[in-house]
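Before any comments, here is the structure.
The values are calculated or read from the model by the stated rules, or taken from the named source; none is laboratory data. From a predicted model like this one, the values you see are computed outputs, not experimental measurements. A quick note on method: Cβ atoms are made from the backbone with ideal geometry, for glycine too, and the neighbour counts reach across all protein chains shown. Accessible surface areas use protein heavy atoms only, side chains included; no ligands, DNA or RNA. Shrake-Rupley method; radii C 1.70, N 1.55, O 1.52, S 1.80 Å.
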Amino acid sequence: VQLQASGGGLVQAGGSLKLSCASSGRNIRTYNVGWFRQAPGKEREFVAVLDWSGRNIYYRESVKSRFTISRDNTGNTVFLQMHVLRPEDTAVYYCAVDTGYVPTVQVEEYDYWGQGTQVTVSS
């Protein structure tokens, strides 16, 4: 599984961005897919996960009601729609695949990672 994250950029506080995570090679529709982020000098942290069934979604508390994770119809691309962005959302955002059955928020449980896309929110 090779993941390609894209869609990052520079946006003012209150703005929106939509990140995409596309897989080349194996289709990821049957896997749990998560988004994580890492700000300079900080640990990588969980943002959102969409499980393999599409029925279970979990978000980091600070992004609930602002971010939405979803898949396209093929299941091979996963999106993270981000609204009402805040300066504290600034980070490199990564998508990752977990081949386990139960979706997880733990970084170490994910098997494949994309290269990351920079999101910068100015105040």
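For this structure, a couple of remarks:
- Inside region 98-118, residues that are of a type outside the set (D, E, K, R), touching a helix residue (DSSP H, G or I) at 6+ places or on another chain (Cβ under 8 Å) and either open to solvent by less than 20 Å² (accessible area, probe 1.4 Å) or at pLDDT 95 or above (or both) make up a count of 0.
- Hey, residue 121 within 13 Å of the chain's Cα centre (by Cα), open to solvent by less than 20 Å² (accessible area, probe 1.4 Å) and in contact (Cβ under 8 Å) with a residue 40 or more places away in the chain or not: no
- Residue in region 86-94 that is at pLDDT 95 or above and either among the basic types (Lys, Arg) or open to solvent by 70 Å² or more (accessible area, probe 1.4 Å) (or both) present: yes
- When the residues of region 24-64 are filtered to those that are at pLDDT 95 or above and among the hydroxyl-bearing types (Ser, Thr, Tyr), the one that is least open to solvent (accessible area, probe 1.4 Å) is 31.
- Of the strands (runs of 3 or more DSSP E) lying entirely inside region 24-123, the ones with 1 or more residues being in contact with a Gly (Cβ under 6 Å, 6 or more places away or on another chain) are found at 45-50, 91-98, 117-122.
- Residue, surrounded by the most Cβ atoms within 10 Å (Cβ to Cβ), within region 11-23, restricted to residues that are within 17 Å of the chain's Cα centre (by Cα) and closer than 23 Å to residue 83 by Cα: 21
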